[in-house]
Amino acid sequence: MKNSRYTIATLGSHSALQILKGAHDEGFKTLLITTPSRKEFYQRFPFIDQVLVIESFSRFPEAEKKLKNKNIIIIPHGSFVAYFGVEGNKKMTLPYFGNKKVLDFEADRKKQGSWLRSSGIKVPKEFATIGEAEFPVIVKSYGAAGGAGYFLSSSKKDFKSKIKNFDGEKYLIQQYLVGVPLYIHYFYSPLTNKIEIMSMDRRYETNADAIGRIPSRYQRDVRIEPSFVVVGNSPLVLRESLLPEAFRMGEQVVAESKKKIDNRGLFGPFCLETIITPGQEIYTIEISARIVAGTNLFIEGSPYSSLFYKEPMSTGRRIAREIKLGIENHKLELMLD
Amino acid sequence: MKNSRYTIATLGSHSALQILKGAHDEGFKTLLITTPSRKEFYQRFPFIDQVLVIESFSRFPEAEKKLKNKNIIIIPHGSFVAYFGVEGNKKMTLPYFGNKKVLDFEADRKKQGSWLRSSGIKVPKEFATIGEAEFPVIVKSYGAAGGAGYFLSSSKKDFKSKIKNFDGEKYLIQQYLVGVPLYIHYFYSPLTNKIEIMSMDRRYETNADAIGRIPSRYQRDVRIEPSFVVVGNSPLVLRESLLPEAFRMGEQVVAESKKKIDNRGLFGPFCLETIITPGQEIYTIEISARIVAGTNLFIEGSPYSSLFYKEPMSTGRRIAREIKLGIENHKLELMLD
Amino acid sequence: MKNSRYTIATLGSHSALQILKGAHDEGFKTLLITTPSRKEFYQRFPFIDQVLVIESFSRFPEAEKKLKNKNIIIIPHGSFVAYFGVEGNKKMTLPYFGNKKVLDFEADRKKQGSWLRSSGIKVPKEFATIGEAEFPVIVKSYGAAGGAGYFLSSSKKDFKSKIKNFDGEKYLIQQYLVGVPLYIHYFYSPLTNKIEIMSMDRRYETNADAIGRIPSRYQRDVRIEPSFVVVGNSPLVLRESLLPEAFRMGEQVVAESKKKIDNRGLFGPFCLETIITPGQEIYTIEISARIVAGTNLFIEGSPYSSLFYKEPMSTGRRIAREIKLGIENHKLELMLD
């Protein structure tokens, strides 16, 4: 196979196991780049051909030089921006799966909000100041990662006391939608121009997902403040009558990205983080423009991926499949940056 | 294969993807009947051989005439009664998988309650009037579909204020059992006279499944009324020591249906919707006498179906398998209406 | 195959279906031992070659005599101690998978606490008397099984009223950690000396998992006391950045068992029952030193087992695989007691 001349590489975190297992299953060589503390961990897995240890992620640019001209393709995931920042990602010189211009729109809450709104999908209201807010609201710091840096607020007074913890950080005040969360994992192929839904999940958040198990009178006594730190995921399927809208939402966001970002727009894996209200309206709260950790539930495929594929098709494997098809069809440049 | 001369058909909603994928995997041709707005959606899937568009579901009888004598078998699902009513289902002339007489017992809460009670399985208490109720109660409108049209009530006064929203609709007052929900997906084969448990799930309800994530003092401020609109499903397994009872419950309900409904009784897929109390008693709240949407989690099989089948056996595929065996054994008439 | 001369046997409860299906898939004969009421249930399953009925579990020693010298290997699960006590397990004469000395450390809360603490993993604080407690606390009776015999307490006064229900039974007062539960299913191989993570779950507890769906003001009216009776399980995956710690925790517990218990220590399947706090700290609440019921979700494998195995590898099948490898390598004595 032609693709066996290529190596798929990623950083040791987030969804690296899924990405490299998928790459291995599609016939690629695999490379995991990590700091010393995780070396031993990633060496446990038989589908990782090589573990490259760098002293710290700030040393990545040096490591990158040695990896040049070796047919290595980097697959970014949710920790790339945390480790390198948007600018660090843009400066990478190895072939990178995805459109780096999308990173600006993902990282900047204003740009992201504008992109989602102009896509025509449903989004929650935003309030420029606490004075105009309709309560309850959810307040998100601009740099919030993995669910930390969020709080709920039920009044102006309550807001004023809680916002002090943000230490002057920028924030967003959003309508708090009462409904259930659903994370929809998409893949958009630049080869076929088609949207696929790969899987769906719900985040497992500490301590928000524990509060419900404590009766209200205990909560009175102990004054538990909810936090939304994501430590895992659990699987879900969506009511079939809402699936057509879920597909359309993915298509609208991709179509708008081609106007707003550049003509390549968003491609590869992405996730719409939604709230479904009792009126069965699907509101999009955020977009993640890369593979999300919820796909780790579906390393052996999902009910949705089985509608399109005979093999157990994870999102990680889907990325590798796209690269393989890109190689076979001499269209690899369509998907690399 | 003999069955390749047959086409399995259903309506575009609920569990249509699972049903048609299962039919395809068992060697049948597949037909999806839908209204214009969902045409594009169902055409995405490679296992659907034909999408037939009708202007509205009220035009189904005309469409049906053209489909006559073409070896088409209709598989009903949870949207059939919503689209056509019980009478509309009975008037269908194409071969229909299942016993239409069961529809009367499923649709009428009194008949259904009587069937379940006389089966000898545990059911919650019902109160003829609010005067005799033991609180808390759950109040269900007779025509409630998909979880809407339910409310909880903790007192007579509370009940009187909420019942006004029902606008004179008929309702049922039931003991509210404090325990966890479990939906058990059965299949009863008229060929082998055996019960199988295919899978289990829990419904994902908006906003009931979000309330627990909001601390009680926020709930005080915002006065959220719980609603039980089903928008998805999540997987569960049952403690093994309760499985023998789960199998027996399915058998009891089927046995009683042969006395109460007609000698064919209930067959094919059905679901008991249960609440399990802290005393580990399994109460049945409702029966769905056809495939339920929770089976959509298990398009690639479940821990339970893997106990009986080597292939990934969804409930949709199990229906197709039964029809295939019916054809091979010249016993198709056992399962069609 | 050599292993086809052996029969794998277990008692009819807990995870027996998974254990015997796994044994069957690895080429063993299978035997299920049960009391009369469950005979019919276990005979439903095609992978169970023989069902042996004994009048009551107290008659097991007699049955055991007849099974001698027939190459039968017993796989214990979570009901063995409930049925026979620790002493009854130790008196078994048939070859028994696992180290029976571990049972003393699992059954005695003080010994277990000491083992976990000296392993160096994080554990909740324990309070010798209610006087020194920091509230809220969780109070567990020493003999608690399956989640019954637990209560939460928010004050000394509250504790005094609730402890009366324990009727003088011994109990443990533990810091109540506010965070989300995660049950991690491990397998430690005495052949390779390696730890594997097979799968993860969350318990489904009645009525604790229903309380969150009831708004706080209803809870005020009906005064629901939470109970933690386990009736099922639901699947989870853990954030990848926490996985290295999860593996290390398993290794630390095993390493410590070799010092504290005997030189064989703990091997085969076990489970760490953890709480993950908003600070992403993983606290271990309890250890189960045998297969746990949460593995029943993964009869067809899990996202984690698929990282190590091409076949759908349940924990039950993993046990059978270890025995098979033990037979082939003439090292069966390493794993039997």
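Computed from the coordinates by the stated procedures, all read-outs in this text should not be read as laboratory data. These numbers come from a predicted model, not from an experiment. Quick reminder, even Gly has a Cβ in these numbers, built from the backbone with ideal geometry, and neighbours come from all protein chains shown.
Just a few scattered comments:
- Given charges at beta-carbon only (K, R positive; D, E negative), |dipole| of chain B in Debye: 480
- For residue A:63, inter-copy label distances in nm, listed shortest first [label point 7 Å out on the Cα-Cβ vector]: 5.6, 5.6
- The stretch C:2-98 - Debye-derived log10 I(q)/I(0), Cα point model, q = 0.23 Å⁻¹: -1.34
- Value in Å of the Kirkwood radius, where the stretch B:205-304 supplies the Cα pairs that are averaged: 16.5
- A prolate overall shape is assigned to the stretch B:126-175, the ratio a/c of its alpha-carbon gyration tensor axes (a ≥ b ≥ c) being 1.5 or greater and a/b exceeding b/c.
- Relative contact order, percent, the stretch C:2-98 [alpha-carbon distance under 8 Å, six or more residues apart]: 30
- Förster-model FRET efficiency, 30 Å R0, residue A:49 and residue A:330, C-beta, rounded to 0.05: 0.75
- Dipole-positive endmost among A:27, A:46, C:18 within the protein assembly as shown (Cβ charges, Cα centre): A:27
- Stokes-Einstein D in µm²/s, Kirkwood radius over Cα pairs - the protein assembly as shown at 37 °C with 0.692 mPa s viscosity: 109
- When the Cα positions of A:129, A:161, A:142 are compared along the charge dipole of the stretch A:126-175, A:161 comes out farthest toward the positive end, with charges on each C-beta of Lys, Arg, Asp and Glu.
- Teacher prompt: residue C:108 distances to equivalent labels in other copies, 7 Å Cα→Cβ, nm: 6.6, 6.6
- The separation of the stretch C:53-85 from the stretch C:265-337, counted between C-alpha centres, amounts to 22 Å.
- Selection from B:261, B:284, B:307 lying farthest towards where the dipole of the stretch B:257-310 points positive, charges on Cβ: B:261
- Charged-residue dipole, Cβ positions (Lys, Arg, Asp, Glu), the protein assembly as shown about Cα centre, Debye nearest 20: 240
- Unit charges on C-beta of K, R, D, E only; dipole of the stretch B:126-175, Debye: 180
- Cβ-vector label at 7 Å, residue B:263, separations to other copies in nm: 7.4, 7.4
- Report summary: the helix-based calculation at 222 nm, which adds -39500 (n - 2.57) for every DSSP H run with n ≥ 4 and divides by the residues of chain B, gives -8500 deg cm²/dmol.
- Sorted by Cβ neighbour density within 10 Å, fewest at the top, the residues A:155, C:153: A:155, C:153
- Chain B: most fluctuating residue of B:291, B:327, B:195 per GNM, C-alpha cutoff 10 Å: B:327
- Measuring from each Cβ of chain C to the axis carrying C onto A, the nearest residue and its distance in whole Å come out as C:212, 1.
- Counts of other chain beta carbons within 10 angstrom of each beta carbon in peptide B:281-289 average 0.
- Neighbouring Cβ atoms from other chains, within 10 Å of the Cβ of residues in C:177-184, number 5 on average.
- Angstrom value of the Kirkwood radius, inverse mean 1/r, which spans all Cα pairs in the stretch A:86-221: 18.1
- Annotation: the residues B:245, A:300, B:311, sorted from fewest to most other C-beta atoms within 10 Å of their own C-beta, follow the order B:311, B:245, A:300.
- Hydrodynamic radius of chain A per Kirkwood, over alpha carbon pairs, in Å: 21.1
- Once you reduce the stretch B:150-215 and the stretch B:1-22 to the center of their Cα atoms, the two points are 29 Å from each other.
- Exposure proxy ranking, count of Cβ atoms within 10 Å, fewest first, for A:59, C:44: A:59, C:44
- Largest-first principal axis extents of the Cα set of the stretch A:57-160 (Å): 57, 30, 16
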